[in-house]
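> Dumping the structure here so I can ask a few things about it.
Just so you know, all these numbers are worked out from the coordinates, no wet-lab data involved. These figures come from a predicted structure and were not determined experimentally. Backbone-built Cβ (ideal geometry, glycine too); neighbour counts: all protein chains shown.
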Amino acid sequence: MERFIDRIIIFLLTVFVGRMIMADRYLIVVLYSVLSVAFFDFFLLSKTIQKDSFKLERAGEKAAFILQILAVCVAFIDNDLIIMVPIALYGAVIIRNYVAGIMALSAALVYLSSDKPLSVILYVELLLVIAVYLSVKCGRSEKLKKTVIGFRDESVIKADELKKKNAELIQAKDDEVYFGRLKERNRIAREIHDNVGHMLTRAILQLGALIAICKDETLKNGLNDLKATLDTAMNNIRNSVHDLRDEAIDIPSAIEEIAAPLKKDRNLKLEIDISSDVNKEVKYAIIGVVKEAVSNIIKHSDNKNVDITLIEHPAMYQLVVHDYGEKSVQSKPLDDVDITGMGLDNIKARVNGVGGNVLITADDGFRIFVTIGK
């Protein structure tokens, strides 16, 4: 828009100067020509920002280069057509058209030696200077805007990176709190089991012995009631301890711990993406399958690569345990593979117990593919 306004200003000044040096009829033709040059030059350079060196990259810039030279050439044909030069010179500054610039300077020097009144000559020369000034000023403004936009984009990128890092720090803090809670729950469950549970068990055994040797039926009935109360308390404590342990199970940590022995002599790749809100039966099934599969790999497989993948999808959990060698081999039917002692029945029982499905293939080693619906 600023370039468009600059060309309007130059055109209006051209009209003012043109009326001083041309007849009205001749002036109308020239002004229409100037307006056409201004329009086409603006159209051709509408997507061009002022350049620092002469380098024509677009077809529009090349066409503008030719248009500017032709507009300046008419000034050598007729001195009065010098009013065509300012609008061409404005565009020449944008693309660093040195050819048009040198020709415009030559035309201006020629016009200085003409027999026109001094006031007219000064007006024309001033118009050329104004055209160059407006073009340079607008170019600086464009570069400044570009710089500001660059800084703004950079600040937005840095803000996004900072936001991402803050989110990662928050997630890390949440994970730390979560694992701290799991650790504390495990500690509480262990304390209850080792201390209160054992003491209650001993008390129940001692009470059972007293009931066995007690001869007083009235006292014996009271002791039986007391034993029933202690049994109920023991069952409640046992259930609470189990619930605490179930909630404290962290699948990623459990799988990493189970798979740790594979790191000694195999290339282990773990990919685990699952939330903490998983049903305890599903937790036990997944961990049991991984434990059985890892045990079978250690005992029966010589393959050097092991991939364990656990992904949570919107409608199911997907577990894949795959051990394979360095070179791919052609798939072969499962019936042709020796699966003795690999505990597949145990794996199938665990998965079927939670309503899941198991697919086992012998494709470059051994692959156990498990899906469990939510």
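> One quarter of the convex hull surface, Cα atoms only: what value does that give for the chain in nm²?
Working: hull surface 148.8 nm².
With the hull built on Cα positions only, its mean projection is 37.2 nm².
> Whole-Å semi-axes of region 2-148's equivalent ellipsoid, largest first, each the root of 5 times a Cα gyration tensor eigenvalue? Before the final figure, lay out the partial values.
Working: eigenvalues 132, 44, 41 Å².
Value: 26, 15, 14 Å, ordered largest first.
> Continuing with the same structure: Quick one: Cys138, Cys73, fewest Cβ neighbours within 10 Å first, how do they rank?
Lowest to highest Cβ neighbour count: Cys73, Cys138.
> I've got another one for you. Fewest Cβ neighbours within 10 Å first, please rank Phe16, Phe369 accordingly.
Values: Phe16 12, Phe369 15.
Neighbour counts put them in this order, fewest first: Phe16, Phe369.
> Computed FRET efficiency, Cβ-Cβ of Leu70 and Leu144, R0 35 Å: what is it to the nearest 0.05? Before the final figure, lay out each step's value.
Working: r = 32 Å, r/R0 = 0.92.
E between Leu70 and Leu144, to the nearest 0.05, is 0.60.
> Provide the net charge surrounding Ala75, with neighbours chosen by a C-beta distance below 15 Å and charges set as Lys +1, Arg +1, Asp -1, Glu -1.
Neighbour charge sum, excluding Ala75 itself: -2.
> Hey, another quick one. Relative to the longest principal Cα axis of the chain, at what angle does helix 98-112 sit, 0 to 90 degrees, rounded to 10?
30
> If the limit is 25 Å between Cα atoms, which of Lys263/Lys291; Lys55/Lys146; Lys165/Lys264; Lys164/Lys283 go over it? Can you show the working numbers first?
Details: Lys263/Lys291 15 Å; Lys55/Lys146 19 Å; Lys165/Lys264 34 Å; Lys164/Lys283 31 Å.
Table pairs above 25 Å Cα-Cα are Lys165/Lys264; Lys164/Lys283.
> Okay, next question. Please list, in order, the residues from region 120-150 whose amide nitrogen is less than 20 Å from a point placed 7 Å along the Cα→Cβ vector of Asn79.
Residues passing the 20 Å test: 120-129.
> Rounding to the nearest 10 and keeping the result within 0 to 90°, find how far the Cα-based axis of helix 59-77 lies from the longest principal axis of the chain.
Between helix and principal axis, roughly 10 degrees.
> Would you mind ranking Ser275, Ser301 by Cβ crowding within 10 Å, fewest neighbours first?
Numbers: Ser275 8, Ser301 17.
So the ranking, lowest neighbour count to highest, is Ser275, Ser301.
> Give the lysines whose C-alpha is closer than 18 Å to that of Lys163, dropping any in the same chain fewer than 8 places away, or say none.
Within the straight-line cut-off, Lys163 pairs with Lys173.
> Using just the C-alpha positions of region 1-64 as equal point scatterers, what log10 of I(q)/I(0) does the Debye formula give at each q in 0.14, 0.21, 0.25, 0.29 1/Å?
-0.51, -0.87, -1.03, -1.20
> Taking the alpha-carbon centroid of each part, what is the distance from region 1-67 to region 249-304 in angstrom?
Comparing the Cα centres of region 1-67 and region 249-304, I get a distance of 74 Å.
> Please tell me the relative contact order of the chain in percent, rounded to the nearest whole number, where contacts are Cα pairs under 8 Å and at least six residues apart. Provide the component values of the computation, followed by the final result.
Values: 404 pairs, mean separation 37.7, N = 374.
Contact order relative to length: 10 percent.
> While we're on this one: If eta is 0.890 mPa s and T is 25 °C, what Stokes-Einstein diffusion coefficient results for region 251-373, Kirkwood Rh from Cα pairs, in µm²/s?
On the way: Rh = 14.7 Å.
Stokes-Einstein gives a translational diffusion coefficient of 167 µm²/s.
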